[in-house]
Structures are given as C-alpha cells and as structure tokens.
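Below: the structure, in structure tokens.
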Amino acid sequence: WKLFVGALALSVTPWSLGQGVVISQVYGGGGNSGATYTHDFVEIFNAGSQPVSLAGWSIQYTSAAGSSWSVSPLAGMTLQPGQYHLAQQSAGAGGTTPLPAPDSLGSLMLSATAGKVALVQGTAALTGTAPAGPAVLDFVGYGSANHFEGSAPAPALSNTTAALRARAGCQDSGDNLGDFTATAPNPRNS
C-alpha cells in the first residue's frame, strides 16, 4: 500500500493500517509424552487498532513438506485490538492440564516438531506446498517446513515447546525465524 503525503509516497503494510490479525502461537505437542497440555492449539492476536470480524475465517495446517491442507473454521466472533483467540485442536493421550476455555474448537493434528500453519480469510482448503494470495492473512512454517515467511522457518518445536511470536504477539517483521521463539506454551484466550 502507498500513502501519499504531498509529493512523498510512503509504503506501508496493511498491518500498520490496523489490519494486524496474526498467528501469535503454535503448539503441536498437546497430549504427547511429557506434555503438560492435553490439546494442540493455534492462537491468533489482533495487533491492530480496529476490531476485526473472524466470521468465515479458518486456521489451516499441513505437514512440513505437505500440500494437502486441513481446515479448522474459527468461531465468528469480533476480535478486539489487543485480544487473543484460542483455537483448540486435537487431543493426545497424555498431558495433565486442559487448555483455558477455547474460543474455537477444531480437530487439526499438528506436528509437535515441524509443520505449516496458515490464517485464512475463508474456509476453502488451500492447495500446494506454498500457498499465497490475499486470502492467506498470515503464515507460519516451523521446524523443517519447506515454506515460511522471510529468511527461514520458526524454530523446531517439541512436546514441551510452542512457537511464540515476540512482543506478546505484536512483532510482525514478515520473518518467521526472527518473529518466533520456541518456549514453554502459554495459551491465551479472548
């Protein structure tokens, strides 16, 4: 996007104009051996300055080298600025602690170590190993993922670590490696 101020054109991202809903956390170790939490989850965050309706949006997942995407629709709530949305996914046989009350329920089975997660404006399944286009609002490749934003994927995860976006979900440089760290999961809901 370009903003014209007099004769000066400034390039700005949609996020700087208040459209900043991003994936803030990915956890695929839920219910696995050594895990605390019983379920996988994906958390999103409104880092923008305007409320955003999630009606018709989805979280989508495929394996690190996959091209066949699974879809988890989001509840159609309005996400306020600074608010999180917790999308609970599949349960494993282990873990001792349920997630906080989820905002959406899904059945995606995320890998604990490597995979690809997309935030999509729509519920039609993505195709290909590197989907793009205006419907793909945010994308996180982690571990050995063959597609990601920026220079490299977010770090590999484990049964006891999640990928957390820096600055409580606010940092979005467009680089998965720089924006995410692998640390203890910290699920946050609305």
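Between A65 and T97, the contour length at 0.36 nm per residue exceeds the Cα-Cα span by 8.5 nm. By the helix-only formula, in which each DSSP H run with n ≥ 4 contributes -39500 (n - 2.57) and the sum is divided by residues, the chain has a 222 nm mean residue ellipticity of -500 deg cm²/dmol. Taking a sphere under 13 Å around the Cβ of Q89 and counting the other residues whose Cβ falls inside, with K and R at +1 and D and E at -1, yields a net charge of -3.
Computed over neighbours whose Cβ is under 13 Å from that of S104, the net charge equals -3, Lys and Arg +1, Asp and Glu -1. Taking θ as phi - 60° and the Karplus parameters 6.51, -1.76 and 1.60, the scalar couplings of the range 21-30 work out to 7, 9, 6, 9, 6, 10, 9, x, x, x Hz in sequence order, x denoting glycine and proline.
A 1.4 Å probe run over the chain, with the rest of the protein chains in place, finds 42 Å² accessible per residue.
Is the C-alpha gyration tensor of the range 48-169 telling us rounded, prolate or oblate? Criteria: a/c under 1.5 is rounded; beyond that, a/b larger than b/c is prolate, otherwise oblate. Cα axes put the range 48-169 in the rounded bin. Using a 1.4 Å probe on the protein chains only, how many percent of the accessible area of the chain belongs to carbon and sulfur? Answer for the chain: carbon and sulfur cover 57 percent of the accessible area.
Applying 0.36 nm per residue to the separation of D175 and S107 and subtracting their alpha-carbon distance, the gain on full extension is 21.7 nm.
Rounded, prolate or oblate: pick one for the range 74-130, where a ≥ b ≥ c are the square roots of the eigenvalues of its C-alpha gyration tensor, a/c under 1.5 means rounded, and failing that, prolate if a/b is larger than b/c, else oblate. Cα axes put the range 74-130 in the oblate bin.
The values are calculated or read from the model by the stated rules, or taken from the named source; none is laboratory data. What you are looking at is a predicted structure, and each value in this text was computed from that prediction instead of being measured. Here the Cβ is made from the backbone with ideal geometry for all residues, glycine too, and neighbour counts use every protein chain on show. Please note that ligands, DNA and RNA were not included when accessible areas were found on the heavy atoms of the full protein model with its side chains. Shrake-Rupley method; radii C 1.70, N 1.55, O 1.52, S 1.80 Å.
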